[in-house]
Amino acid sequence: MQDSSILKDLAAKENVYSWSTKVDFEINIAGGFEDFDEGTVCLRWDQNLILTLEKRQIHPNLEAIGVFGYRLRVDATQTACEAEELGKRVALALLKFAIDRNWGVRLAWTDTPLPCRVIDRTVSSSVSIQGFGSAHERIPVDIFAEKLGEAFSTLESVPYRLLLSMELCASARFETDERPKLILLVSALEALTEQADLSEYLGAIIPKLNSVLQDDDTLDESLRASLVGQIKNLKRESTRRAMIRMLKDAKITSNEVSFVEDAYHARSKIVHEGYRIPELSQMNRKLREIIRKVYKHQISNQ
């Protein structure tokens, strides 16, 4: 293996390596590097590339539970387009490695469209500032017991949907990434919904559709079975429609209902299309407030 100091000097030559890509990530206590004492290590990697691994400062709350922050930088690209593709491949390779090793790894990209940052190394660097903040609340145990008792006396029954929904909502606060927060919060609303049976409104539509499928000899059997299952689902109200109905029953305003629809759509874009949604922290904050209103209504109407 080539000496790291020599590679550091080589990587520092912007005229040789004018573009680079950076991937920031975090590793939980399940993984780590036993021979990484320095702040930076450079390695010759994948033919003509130079891979640099360096420590990265992360939120103190994460460090306290054994999470480590790192940055991967790869130099040796001629164009920004090449650096972008290289960064995406590095990010995917990192995730594959983590899954294979059973490490907990999280890519540190929030509102950016890519899991990497493309750097023009010929541009002079500017001043950068990094800061962290958090809020916490401490209460006396006797106050905790008092408030717990008030909730206990109010909740005479334990609806499973409400229990599951509240568990998802509360656990969302454990997440430091806004994407899983949104997924959990929208799922908390979904857990409260009950999809109505629409059979009486559909009349003979379902039998007709089934008859068409049975009469079509050109369909593969597996495809036919899949379509039959989808037709059966037509008898049930969609989750989105049931959720909107539940929100209206809880006296949620029309503007708030529209906002929840936007959040529901954003969750679908994240899960099904891999989209990055900007301003997720504000969306999650408002969504949590609406969910609390729904809980208040549901508990008072038990």
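Which of the residues belonging to segment 195-205 are at pLDDT below 70 and not small (G, A, S)? Before you say what the answer is, go through the steps one by one.
Pass one, segment 195-205, residues at pLDDT below 70: 198-204.
Across segment 195-205, the qualifying residues are L198, E200, Y201, L202.
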Within segment 251-282, the count of residues that are under 15 Å from D177 (Cα atoms) and acidic (D, E) comes to 1
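Filter segment 225-242 for residues that are at pLDDT 75 or above and not aliphatic (A, V, I, L, M) and give the result. Break it down into steps so the answer makes sense when it comes.
Restricting attention to segment 225-242, the residues satisfying the condition of being at pLDDT 75 or above are 238-242.
Within segment 225-242, S238, T239, R240, R241 meet the criteria.
Among the residues of segment 211-227, are any farther than 23 Å from K181 by Cβ, in contact (Cβ under 8 Å) with a residue 12 or more places away in the chain and over 20 Å from the mean Cα position of the chain (by Cα)? I'd like the intermediate steps shown before the answer.
Residues of segment 211-227 farther than 23 Å from K181 by Cβ: 211-227.
From the residues that got through so far, the ones that are in contact (Cβ under 8 Å) with a residue 12 or more places away in the chain too are 213, 227.
Right, trim to over 20 Å from the mean Cα position of the chain (by Cα) and you get 213, 227.
There is at least one residue in segment 211-227 that is farther than 23 Å from K181 by Cβ, in contact (Cβ under 8 Å) with a residue 12 or more places away in the chain and over 20 Å from the mean Cα position of the chain (by Cα).
Going by the structure shown, is E26 modelled with pLDDT of 55 or more, at negative phi and surrounded by fewer than 14 Cβ atoms within 10 Å (Cβ to Cβ)? So that I can check it myself, show each step before the final result.
Details: modelled with pLDDT of 55 or more: yes; at negative phi: yes; surrounded by fewer than 14 Cβ atoms within 10 Å (Cβ to Cβ): no.
The answer is no for E26.
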Find all pairs meeting these conditions: Cβ atoms under 6 angstrom apart; at least six residues apart or on different chains; first residue within segment 262-290 and exposed (fewer than 14 other Cβ atoms within 10 Å of the Cβ); second residue aromatic (F, W, Y). K269/Y275
Residues in segment 140-166 that are surrounded by 11 or more Cβ atoms within 10 Å (Cβ to Cβ) and in contact (Cβ under 8 Å) with a residue 12 or more places away in the chain: how many? 7
Listed by range, helices (runs of 4 or more DSSP H) wholly within segment 140-197 having at least 2 residues that are touching a Pro at 6+ places or on another chain (Cβ under 9 Å), closer than 24 Å to A64 by Cα and of a type in the set (G, A, S) are none
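Could you tell me whether S258 is of a type in the set (S, T, N, Q) and modelled with pLDDT of 70 or more?
Details: of a type in the set (S, T, N, Q): yes; modelled with pLDDT of 70 or more: yes.
Yes.
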Any residue that is surrounded by fewer than 14 Cβ atoms within 10 Å (Cβ to Cβ), in the same structural domain as T21 (by TED's automatic domain parsing), aliphatic (A, V, I, L, M) and under 17 Å from W109 (Cα atoms) - is there at least one of those in segment 64-83? no
Kindly provide the set of residues from segment 100-139 that are aliphatic (A, V, I, L, M), in a loop (DSSP other than H, G, I, E, B) and either at pLDDT 80 or above or exposed (fewer than 11 other Cβ atoms within 10 Å of the Cβ) (or both), ordered by number. A108, V123, V127, I129, A135, I139
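The values are calculated or read from the model by the stated rules, or taken from the named source; none is laboratory data. Being a predicted model, the structure only gives us computed values, none of them experimental. In this analysis, Cβ positions are derived from the backbone assuming ideal geometry, glycine residues included, and neighbour counts consider all displayed protein chains.
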